[in-house]
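**Q** Attaching a single structure in structure tokens format; questions to follow.
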Amino acid sequence: MSLDVDTEEYSAGVARVLKARRLAADLSMTRLAKLAGMSQQMISFVERGTRTPTVATLYRVAQALKTDPASLLLEAQAALAKSCACCKGSACTKDSGNVRG
């Protein structure tokens, strides 16, 4: 299976998934950071996409969110597959034929 996106776009997708999962779990950044054993600043950096998490960081955050890293990555990949370049990362609303997937 190939992913037809650049790594920056994929990293941004992972950041969006992490933030969405944190909010869905009703956790503050501070609480998630404590559960994951890292700083609130690191959680903020990752969620804003200014830092790409290492595998170890992703694993620790996934554990704190009571999930596994693979499901976070697959969710980001699925969201990207539904988006297209013409709609700048949103679900395609045009009949442009640019939908990925």
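The values are calculated or read from the model by the stated rules, or taken from the named source; none is laboratory data. Predicted model only: the values in this text are computed from it and were never measured. Positions of Cβ are backbone-derived with ideal geometry, glycine not excepted, and every protein chain shown enters the neighbour counts.
**Q** It is to be established whether one or more residues within region 58-74 are in a helix (DSSP H, G or I) and in contact with a Phe, Trp or Tyr (Cβ under 7 Å, 6 or more places away or on another chain). Before you say what the answer is, go through the steps one by one.
**A** Residues of region 58-74 in a helix (DSSP H, G or I): 58-64, 69-74.
Now narrow it down to the ones that are in contact with a Phe, Trp or Tyr (Cβ under 7 Å, 6 or more places away or on another chain): 69.
Within region 58-74 (the criterion being in a helix (DSSP H, G or I) and in contact with a Phe, Trp or Tyr (Cβ under 7 Å, 6 or more places away or on another chain)), the answer is yes, since at least one residue qualifies.
**Q** Would you pick out the residues in region 2-51 that are in contact (Cβ under 8 Å) with a residue 12 or more places away in the chain, at positive phi and over 16 Å from the mean Cα position of the chain (by Cα)?
**A** GLY37
**Q** Every residue in region 53-86 that is surrounded by fewer than 20 Cβ atoms within 10 Å (Cβ to Cβ), within 11 Å of GLY13 (Cα to Cα) and either among the small types (Gly, Ala, Ser) or modelled with pLDDT under 90 (or both), please.
**A** GLN77, ALA78, ALA79, ALA81
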